[in-house]
1. For Q255 and V214 in the same chain, what is the full-extension length gain: residue separation times 0.36 nm, less their Cα-Cα distance, in nm?
2. So how far apart, in nm, are the two label points at R340 and T188 if each is 7 Å from Cα heading toward Cβ?
3. When Lys and Arg each count +1 and Asp and Glu each count -1, what net charge do the other residues less than 13 Å away from R366, Cβ to Cβ, add up to?
4. Report the residue, chosen from D312, D155, D234, that carries the largest GNM mean-square fluctuation when the chain is represented by alpha-carbon nodes joined by springs under 10 Å.
5. Expressed as a rounded percentage, what relative contact order does segment 6-390 have, with Cα pairs under 8 Å and six or more residues apart?
6. Once the dipole of segment 1-88 is set up with Lys and Arg at +1 and Asp and Glu at -1 on Cβ about the Cα centre, which of T67, Y26, H11 lies farthest towards its positive end?
7. Enumerate the helices in the chain for which the Kyte-Doolittle hydropathy averages -0.5 or more and the C-alpha atoms extend at least 18 Å along the helix's axis, using complete DSSP H runs.
8. Would you calculate, for the chain, the mean residue ellipticity at 222 nm contributed by helices, counting each DSSP H stretch of 4 or more residues as -39,500 (n - 2.57) and dividing by all residues, to the nearest 500?
Amino acid sequence: MSNRPIIDFDHNSPAFAADPWSVYAYLREQYPVAYTEAHGGFWVISSYADVVRVARDDQTFSSVPTTVIPDSGVYNLIPLQSDPPDVQRYRMALLPYFSAAALQGYEPQVRQFTRECINEFIERGSAELVTELANPVPSMTALKFIGFDPQDWHDFAGPLHQLSFSPDGSEGRQRALEDIAAMDGRITATIEERRRQPRDDAISDLIAYEKDGVRFTADEVHGLVKMLIFGGLDTTMAAASNALLFLSEHPERRQELIERPGRIAGAVDEFLRFEAPVHAFARIVTTDTEIGGHRIRAGERVYMLWASANRDPQQFEHPDEVDFERRPNRHLTFGTGAHRCLGAQLARLELRVMLEEILRRLPDFRIDLENVRQPGSVTIIWGRMALPATFTPGKKE
């Protein structure tokens, strides 16, 4: 097995965020398995086949204690930061919230939230599509079934948004961590309140959940609720922002979806492949192993580049093009294996409904490209921070 190839790779840097796609292409072609000394050192895995292999081997590649590089300082995200057999135990408790029946019940609520948000700005002919639509809709949807007041969405989405787009060591990152600590306190207080007075929500259900005579500990309930919040808010916002920017930049593709709304569902999956809202997750090696002819030792970290795998020409024909009818489309945006995202179908539903309503009510929206706030790093989330747009004013519904 060869010596480790050292590359200059730091996804936390502004230079990388300015054009991650060319970096990924270079890595896949020249260094599909390589090592960077950034952030204490870690292996970078960029090809589809290798990413799948790592993601599906939970014995060799552990998700404990964290799955991000650099360490975000946020812990107890269950089941993300868990290994088998705990992963399966936690997922069983969460499955009912993402079943086909649950999704059918969520759609009217998602559409209502989307229409209410559009009503707030449609008459003025302008909007900031992230803070006024892409952020509140998935946030309110998640908070409602979890058990928090949907109108408090900014109290939760604000800190997560700040964390997602703040580079390691920045003042913004520190403020976000302080706000998330306060959010932890709010979660704890709400759990205690539900113990005394249960309601028809996920928090109450998780407190009462029992399997083989065993219930979740207080820390486990907290971690499960926290993960529902983290997974349900910022990621879908980022995916929506990426899709909206593409449709504004390519009006002929937008018109295609307006004329053929049946293609929107396929377009959603293609947007998720083309610009993954979460670019990568990390694993810690538990025992010496080998990937791509390189020996990786126990205790080292590997970084699975979902976004690079999604552009791998060995898996996708013309990967740098957007094809609304791409079949098959086995992208890795939701991961694979035991940790595959439970909320994948809910995210697809939210994105589809938001696009349907936007294309119906704001068909000529145009984003001010000079004032789009692009991500300054790719520490956790890849999405646009602000999308100022104008359109022909319409009426409230």
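Derivation of every value follows stated rules applied to the coordinates shown; laboratory data play no part. Bear in mind the structure is a predicted one, so any value in this text is a computation, not a measurement. Here the Cβ is made from the backbone with ideal geometry for all residues, glycine too, and neighbour counts use every protein chain on show.
1. 9.4 nm
2. Each label point is offset 7 Å from its Cα along the Cβ direction, giving 3.7 nm.
3. -3
4. The residue that fluctuates most here is D155.
5. 28 percent
6. Ranked along the dipole, the leading option is Y26.
7. Length and hydropathy pass: 218-232, 234-249, 344-361.
8. Result for the chain, helices only: -14500 deg cm²/dmol.
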